[in-house]
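Peer 1: One structure, pasted below without further comment.
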Amino acid sequence: MAVSMVQALNAALRDAMRADDSVVVFGEDVGALGGVFRVTDGLTADFGEERCFDTPLAESGIVGFATGMAMRGFRPVVEMQFDAFAYPAFEQVASHVAKMRNRTRGSVTVPIVIRIPYGGGIGGVEHHSDSSESHYAHIPGLKVATPATVDDAYSLLREAIDDPDPVVFMEPKGLYWSKAEVALPARTAPFGHALSRREGSDVTLVAYGPTVPVALEAAEAAAENGKEVEVIDLRTLVPYDEAAVTKSVSTTGRCVVISEATGFAGIAGEIAAQVQRACFYSLAAPVHRVTGFDIPYPPPMHEQHYLPGVDRVLDAIEQLEWD
Amino acid sequence: MELPVDHLEQDRVAGLLPSPDPIQLIDENGAVTSGDVAGVYELPPVQTLAEAYRRMVVGRRFDAEATALTRQGRLAVYPSSKGQEACQVGGVLALAEQDWLFPTYRDTMSLVMRGVDPVDALGLLRGDWHCGYDPMKERIAPQCTPLATHAPHAAGLAYAARRRGEDAVALAFIGDGGTSEGDFHEALNFAAVFNAPAVFLVQNNRYAISVPLSRQTAAPSLAYKGIGYGIRSEQIDGNDVAAVLAVLSEAMSHARSGHGPMLIEAHTYRIEAHTNADDAGRYRDPSETAMWVPRDPISRLERYLTGVGALDDQAVRRVQDEAEAFAEELRSRMGADPAVRPEEMFSHVLAEPTAQLRAQRETVRELVMRGD
């Protein structure tokens, strides 16, 4: 049966709530409405107000409240309505959620999942299309996961809820309505394992979340020009599967990292640095990045020029010293 | 046309508002006052007050010793709570064993007065680890250095405890500066909306480092911040441990019996500078500090207890000797360098270290072995 990413996420929440009474879901509009993207659809009706509930409109309060609940044995899964609306919670995330285990030498753990719809491509107005994953990946003590496929959406969210560490779960909202024939419950691979979405021996595209379909489309187009492209889907930014990326680039000798986030000081730059160190003697060309530009996310009528699309990926591949 | 809003019941509004004047049960001269006008709060029993006296004397000596330890280089810094002993001691005496305390960096004295080993309590300031005690064992959250960010944790933990059928209340200490932070307001709101058994005690010591109360708020009293959230509030003489105990005990039982959170503003004064590294002379006149000396929480209780025959010179000396012995033992134990394992920096970041963390830990291990 064709299942959308939203439905897969909803199924993951349901199955996790069924499996463990300590799992509670809360945030803004997650109750009767079922979330603005309907990821929590029907949870309050089926599990009751105690298990899925609306909160005051205050993101720092939501994450702080979740921290307190986690200290007393709950596993809160909280929703930030949009990427840019999660910023008020940043101090709670950076100073408490991420550090609680460390500052208490492992005595206090807060296994919270913070779900954040992120990224652009949906024609959203200002403050609805940020790619904020680099901010979270930069904070030690957090895991950062982001699915690109429907089965991974289910599997990674179940993993995130079961994980003993806090997880920032970045949901690519441009892929919310993507569908696939999958049988749920689906279990793919654990955290920290990148998956190859397409085999190829000439160049490695490293992608995650919303840029995985872009990479796959570019790979198809490149194949028509005789270039065999491997597409690596990172799935989790923390832990980062350096071994998988190194193995692929060591074989292909060429690498392009694709990310929707602004490039400067971002994840793509980090991966490029790691690849050039680990694969230096295998590389036939400098590692390239295709990312969002270093500008605030543009108004919706401009976004097709901002997002790293197939043409820009193909251009980057062309620049990889083929002669 | 009638608007769809609830009629304001004047009784309910009045029930949320604090007393117009701070509740005081024992005045500066050690005399019992007529108490609060409404007669809600009763003077605690003499034995309880005698115990509070003992702990305040020991607590003040602990505080002085901690400041001395900064001069010897044994502590990186120490934010003194001298003058705030009534809140530090009254606060923890109001706690039942199963209750949780959410302290700030200025509340080390309260940790010790609840029974945390003073060496462990000073771990944060000594710097061998961030939190030197086990919060789960002590039921005391790590001391919070960012302002008011622990307040939503108290609300969440209290709510969670109630959901689990536990009889626990969470008590959060906050300063006057902290009431300006968004998290303070979000915590009050969440606690009220979810009827969480949490009590918020604002120790208004009139300064946030150098910034006076007048720059934090234009409210008639910080306790008036409760009514906007539908929270019952009270203001007290924070240097009168009898008032602290009486009002806090009432707040704890209010929360414990399912009536929701309470906010208490304790009017007190930070006798010392912000920390040993601060210079209070740059922003406040010594005459102001001098005004607060007669309001001292210990001397007034000493006068009261002596007056009712619960304390004599011999008993005072006994408590002072106990305080000296406590300080001496602390000084001697803090004289030893703590064992520090550099690799431990990587041990508690995540449940299982990532490949990258393992590699970095190895780097540090090698550097240590090399003696760098």
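Peer 1: Step by step: first the residues of region A:156-169, then only those that are in contact with a Ser or Thr (Cβ under 8 Å, 6 or more places away or on another chain) and either within 14 Å of chain B (Cβ to nearest Cβ) or touching a residue at least 60 places away in the same chain (Cβ under 8 Å) (or both), then the one that is nearest to A:Val93 (Cα to Cα). Which residue is that?
Peer 2: Of all residues in region A:156-169, those in contact with a Ser or Thr (Cβ under 8 Å, 6 or more places away or on another chain) come to A:156, A:164-165, A:169.
Imposing the further condition that a residue be either within 14 Å of chain B (Cβ to nearest Cβ) or touching a residue at least 60 places away in the same chain (Cβ under 8 Å) (or both) reduces the set to A:156, A:164-165.
Working: A:Leu156: 20, A:Pro164: 16, A:Asp165: 12 Å.
Checking each candidate, the answer is A:Asp165.
Peer 1: Additional query: Given (1) over 28 Å from A:Arg72 (Cα atoms); (2) touching a His at 6+ places or on another chain (Cβ under 8 Å); (3) among the aliphatic types (A, V, I, L, M); (4) within 13 Å of another protein chain (Cβ to nearest Cβ), where does A:Ala194 come up short, assuming only one miss?
Peer 2: Just one mismatch for A:Ala194, condition (2).
Peer 1: Only helices (runs of 4 or more DSSP H) wholly contained in region B:105-223 count here; list those with 2 or more residues that are within 12 Å of chain A (Cβ to nearest Cβ).
Peer 2: Result: B:123-126, B:135-138, B:151-163, B:182-193.
Peer 1: Can you find even one residue in region A:58-67 that is within 14 Å of chain B (Cβ to nearest Cβ) and closer than 19 Å to A:Leu9 by Cβ?
Peer 2: yes
Peer 1: Here are the criteria: (1) surrounded by fewer than 23 Cβ atoms within 10 Å (Cβ to Cβ); (2) assigned by TED's automatic domain parsing to the domain that holds A:Val275. Tell me which single one A:Pro164 does not satisfy.
Peer 2: (2)
Peer 1: Do the conditions hold for B:Met136, that is, is it assigned by TED's automatic domain parsing to the domain that holds B:Ser299 and surrounded by fewer than 21 Cβ atoms within 10 Å (Cβ to Cβ)?
Peer 2: The answer is yes for B:Met136.
Peer 1: Now for a separate question. Of the numbered conditions (1) out of contact with any Ser or Thr (no Cβ under 8 Å at 6 or more places or on another chain); (2) part of a helix (DSSP H, G or I); (3) small (Gly, Ala, Ser), A:Gly61 satisfies every one except a single condition; which is it?
Peer 2: (1)
Peer 1: Moving on to the next point. Restricted to region A:45-57, and to residues that are touching a residue at least 12 places away in the same chain (Cβ under 8 Å) and surrounded by fewer than 21 Cβ atoms within 10 Å (Cβ to Cβ), which residue is farthest from the other protein chains (Cβ to nearest Cβ)?
Peer 2: The extreme case among them is A:Asp46.
Peer 1: Scan region A:70-86 and tell me whether some residue there is crowded, with 24+ Cβ neighbours inside 10 Å, within 24 Å of A:Met5 (Cα to Cα) and facing chain B (nearest Cβ under 9 Å).
Peer 2: Taking every residue of region A:70-86 in turn, at least one turns out to be crowded, with 24+ Cβ neighbours inside 10 Å, within 24 Å of A:Met5 (Cα to Cα) and facing chain B (nearest Cβ under 9 Å).
Peer 1: State yes or no: is A:Val3 crowded, with 24+ Cβ neighbours inside 10 Å, modelled with pLDDT of 95 or more and among the β-branched types (Val, Ile, Thr)?
Peer 2: Spelling it out, it is not the case that A:Val3 is crowded, with 24+ Cβ neighbours inside 10 Å, modelled with pLDDT of 95 or more and among the β-branched types (Val, Ile, Thr).
Peer 1: Evaluate region B:25-42: report whether one residue or more is surrounded by 14 or more Cβ atoms within 10 Å (Cβ to Cβ), out of contact with any Leu (no Cβ under 8 Å at 6 or more places or on another chain) and in a helix (DSSP H, G or I).
Peer 2: So far as region B:25-42 goes, no, none of its residues is surrounded by 14 or more Cβ atoms within 10 Å (Cβ to Cβ), out of contact with any Leu (no Cβ under 8 Å at 6 or more places or on another chain) and in a helix (DSSP H, G or I).
Peer 1: How do the pairs read when you match residues in region B:7-27 that are within 16 Å of B:His259 (Cα to Cα) with residues anywhere that are surrounded by fewer than 22 Cβ atoms within 10 Å (Cβ to Cβ) and hydroxyl-bearing (Ser, Thr, Tyr), using Cβ under 8 Å and keeping only pairs 6 or more apart or on different chains?
Peer 2: Note: pairs meeting the criteria are B:Leu17/B:Tyr224.
Peer 1: Might you let me know whether region A:28-43 holds any residue that is closer than 23 Å to A:Ser155 by Cβ, crowded, with 21+ Cβ neighbours inside 10 Å, touching a residue at least 24 places away in the same chain (Cβ under 8 Å) and within 14 Å of chain B (Cβ to nearest Cβ)?
Peer 2: No: zero hits.
Peer 1: Between B:Arg256, B:Arg215, B:Arg270, B:Arg232, which is within 24 Å of B:Glu85 (Cβ to Cβ) and basic (Lys, Arg)?
Peer 2: Testing whether each residue is within 24 Å of B:Glu85 (Cβ to Cβ) and basic (Lys, Arg) leaves just B:Arg270.
Peer 1: Going through region B:98-122 one residue at a time, which ones are touching a residue at least 24 places away in the same chain (Cβ under 8 Å) and out of contact with any strand residue (DSSP E or B) (no Cβ under 9 Å at 6 or more places or on another chain)? If you could, list the steps in order and put the result at the bottom.
Peer 2: Keep residues of region B:98-122 that are touching a residue at least 24 places away in the same chain (Cβ under 8 Å), which gives B:98-114, B:116, B:118-119, B:122.
Matches in region B:98-122: B:Gln98, B:Thr108, B:Met109, B:Val112, B:Met113, B:Pro118, B:Val119, B:Leu122.
Peer 1: May I pose another question? Determine which member of the set B:Gln320, B:Gln356 is of a type in the set (S, T, N, Q), touching a helix residue (DSSP H, G or I) at 6+ places or on another chain (Cβ under 8 Å) and more than 30 Å from B:Ala243 (Cα to Cα).
Peer 2: B:Gln356
Peer 1: Would you check which residues across region B:345-364 are assigned to a helix (DSSP H, G or I), surrounded by fewer than 14 Cβ atoms within 10 Å (Cβ to Cβ) and either within 30 Å of the chain's Cα centre (by Cα) or not polar (S, T, N, Q) (or both) and list them?
Peer 2: B:Ala355, B:Arg358, B:Ala359, B:Glu362
Peer 1: Now for a different question. Could you figure out which of (1) touching a residue at least 12 places away in the same chain (Cβ under 8 Å); (2) within 10 Å of chain A (Cβ to nearest Cβ); (3) touching a His at 6+ places or on another chain (Cβ under 9 Å) isn't true of B:Pro79?
Peer 2: Here B:Pro79 clears every test but (2).
Peer 1: Right, here's the next one. Just to be sure I understand, how many residues within region A:201-257 are touching a helix residue (DSSP H, G or I) at 6+ places or on another chain (Cβ under 7 Å) and of a type in the set (D, E, K, R)?
Peer 2: 7
Peer 1: Mind listing just one residue for me: the one in region A:90-103 that is touching a Ser or Thr at 6+ places or on another chain (Cβ under 8 Å) and crowded, with 24+ Cβ neighbours inside 10 Å and, of those, farthest from the other protein chains (Cβ to nearest Cβ)?
Peer 2: Here the residue is A:Val97.
Peer 1: Between residues in region A:203-232 that are of a type in the set (Lys, Arg) and residues that are outside any strand (DSSP E or B), which pairs lie under 9 Å by C-beta distance while being six or more apart or on different chains?
Peer 2: Filtered contacts from region A:203-232: A:Lys227/A:Gly200; A:Lys227/A:Asp202; A:Lys227/A:Ala219; A:Lys227/A:Ile317; A:Lys227/A:Trp322.
Peer 1: Look at A:Pro117 and say whether it is part of a loop (DSSP other than H, G, I, E, B) and in the same structural domain as A:Met17 (by TED's automatic domain parsing). So that I can check it myself, show each step before the final result.
Peer 2: Working: part of a loop (DSSP other than H, G, I, E, B): no; in the same structural domain as A:Met17 (by TED's automatic domain parsing): yes.
So A:Pro117 does not fit the description; no.
Peer 1: To continue, here is another question. Can you tell me which residue among B:Glu329, B:Glu366, B:Glu362 is of a type in the set (Asp, Glu), more than 18 Å from A:Asn102 (Cβ to Cβ) and assigned by TED's automatic domain parsing to the domain that holds B:Leu69?
Peer 2: Values: B:Glu366 fails: assigned by TED's automatic domain parsing to the domain that holds B:Leu69; B:Glu362 fails: assigned by TED's automatic domain parsing to the domain that holds B:Leu69.
Within the list B:Glu329, B:Glu366, B:Glu362, the selection yields B:Glu329.
Peer 1: Can I ask one more? Condition first: under 22 Å from A:Gln319 (Cα atoms) and within 14 Å of another protein chain (Cβ to nearest Cβ). Now tell me which residues in region A:215-246 satisfy that.
Peer 2: Residues satisfying the conditions are A:Val245, A:Thr246.
Peer 1: Related question: Considering only residues of region B:73-98 that are among the charged types (D, E, K, R) and surrounded by fewer than 24 Cβ atoms within 10 Å (Cβ to Cβ), which is farthest from B:Leu171 (Cα to Cα)?
Peer 2: Let us first name the residues in region B:73-98 that are among the charged types (D, E, K, R), namely B:74, B:82, B:85, B:97.
With the extra rule that they be surrounded by fewer than 24 Cβ atoms within 10 Å (Cβ to Cβ), the set shrinks to B:74, B:82, B:97.
Working: B:Arg74: 30, B:Lys82: 21, B:Glu97: 12 Å.
Of everything passing the filter in region B:73-98, B:Arg74 is farthest from B:Leu171 (Cα to Cα).
Peer 1: When region B:288-333 is examined, which residues are found to be outside any helix (DSSP H, G or I), among the hydrophobic types (A, V, I, L, M, F, W, C) and surrounded by 14 or more Cβ atoms within 10 Å (Cβ to Cβ)?
Peer 2: B:Ala310, B:Leu311, listed by residue number.
Peer 1: For region A:263-279, which residues satisfy the criterion of being within 15 Å of the chain's Cα centre (by Cα) and not in a helix (DSSP H, G or I)?
Peer 2: A:Gly266
Peer 1: I would also like to ask the following. Looking at region B:133-179 only, could you name the residues that are of a type in the set (Lys, Arg) and over 23 Å from B:Val119 (Cα atoms)?
Peer 2: B:Arg162, B:Arg163, B:Arg164, listed by residue number.
The values are calculated or read from the model by the stated rules, or taken from the named source; none is laboratory data. Computed from a predicted structure; not experimentally measured. Ideal geometry is used to build each Cβ from the backbone, glycine not excepted, and the neighbour counts take in all protein chains shown.
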